[in-house]
Structure formats: C-alpha cells, structure tokens
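Reviewing the structure listed below.
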Amino acid sequence: MKEYETLYLLSPDLPPEKAEEFSHKISELVKSHQGQVLTSFNWGKRRLAYRVGKSNQGVYIYLNYLGQGNLVAEVERVLKYDDNVLKFLTVKLDDEVNVDERLTQKREFTLTSLDEPSDRPPAPAGQEPHRSQDYHR
Amino acid sequence: MERHRDRDRDRDRDDRGGMKRRSFGRRKACRFCTDKEVKADFKNPRLLSYFITERGRIIPRRISGTCALHQRDLTTAVKQARIMALLPFASTQR
C-alpha cells in the first residue's frame, strides 16, 4: 500500500452541504477500492492566488489515504469529470506503508499547516510573511 | 624548498591584503535545518510565501540561505502550491 494525499478545489458556488456530500462520495470511492481513508478535511473557502474559472475563491478539501496506484487513477478520473472540481493535486507521501501500523499510529494532523481563511489570530511574529494579508482578504 | 617559501608568501599576502576575505554581516542559516519540525509543504502557503518575492518568484538560496537539500524541497512545494492556486505564478505587473 502507498500513502497519498489529494487536495482538490471545489467551486465556491457549490452549497456547503453539497461539498460535504461530494467529499463523502470521494471517501467512499477510496474505501470501495481497497483503500483506507486516513484524514478527510474541509479546509473551507479560501481566497485564491489567481482567478480560476471566473472566481477568486474556492473551497479546498484535503484527503489523506492509503491505496494502490489504480485507486489514484480512479479518484482523479472522478475529479476530472465533475464540473464543480476546479483543480486537484495528488502527492505520493510514502511508497511502502505497513497498513496496520499506519492505522494504529495516530499522526498528529495539525491545522497550523492548513491556516484558516479568517477569524483566526495571525501567526506568531517573525514567521509572518510580508504579504500574508493578501491571502485572507 | 622553493615551493614552501612561495606558499608562505601567498598566505601572508592573503592576510595583508584582506581582499579575498569579505566579511559578511551574519551567516544565513537554513530555515528548515534550524527547525526540523518545519517541512516545506505545498499546503502551507503562509510559510512558503516567506520564500517568494512580492512578484511571486522563488527567492534564490544565495539570498535566503536555505541549504541545497531544502531548497529542492522548497521549489517543489512552491510549484505544487502554485498549481493549487495557493500561491501566484506571477502577481501584478511591475
């Protein structure tokens, strides 16, 4: 088994419950192909760095899972044919994963790496990039 | 013998001239070597934005001080983040 992460971008016009439903559908798809979902996380609506599909915003959904290469092909195929998906990116995190071991070890999933779009206090000084406010407008 | 003398003279010249040794203010340290917890990850645009210019270009490691290994990880992460519209390919013209 290999470990993958997929981040995909949904249209901001999609109602939240539909987005939730869609991410659920993808998770189910992983399970139906002998895969294991490790994390599924809705990053929420964020401002984009550039316009995608006539929109400056988008909803990011992150999925971390175990599976074989054909599973990735299947997931990407579904993402590709859905009009609400603006962008997606899959990254292989690990080539050979011991499934039982990986499932038991709860790796800390930190939200600091997935900074929230708003209503959050800014990162500690020093790490603050010079243009951070651009991303949260 | 000749060679030895030459070598000594060269060394003297170096010290006297001081031309070859430029003094740098501060040795820049690699951000990812100093903090092993921090990984260059495309999902962390806030961190990555520290390593790109205002126009969205990746800052060379001779400026940022990032080591070769981590600069490689960094460029990959920045490029992945660009694909996902987390970072700009190019932002605003001059």
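The values are calculated or read from the model by the stated rules, or taken from the named source; none is laboratory data. In this text the structure is predicted, and so the values were computed from the model without any measurement. Don't worry about glycine lacking a Cβ; one is built from the backbone with ideal geometry, like all the others, and counts go over all protein chains shown. Ligands, DNA and RNA are stripped out before the accessible areas are found, and what is left, the full protein with its side chains, is counted by its heavy atoms. Shrake-Rupley method; radii C 1.70, N 1.55, O 1.52, S 1.80 Å.
Structural remarks
- Odd one out for B:LYS43 among (1) more than 12 Å from chain A (Cβ to nearest Cβ); (2) outside any helix (DSSP H, G or I): (1)
- Of all residues making up segment B:53-90, the number that are among the hydroxyl-bearing types (Ser, Thr, Tyr) and out of contact with any helix residue (DSSP H, G or I) (no Cβ under 8 Å at 6 or more places or on another chain): 3
- Positions within segment B:44-56 being in contact (Cβ under 8 Å) with a residue 24 or more places away in the chain and open to solvent by 40 Å² or more (accessible area, probe 1.4 Å), in sequence order: B:GLU54, B:ARG55
- Looking only at residues of segment B:57-92 that are more than 7 Å from chain A (Cβ to nearest Cβ), of a type in the set (A, V, I, L, M, F, W, C) and not in a helix (DSSP H, G or I), we find that the one that is most open to solvent (accessible area, probe 1.4 Å) is B:ALA90.
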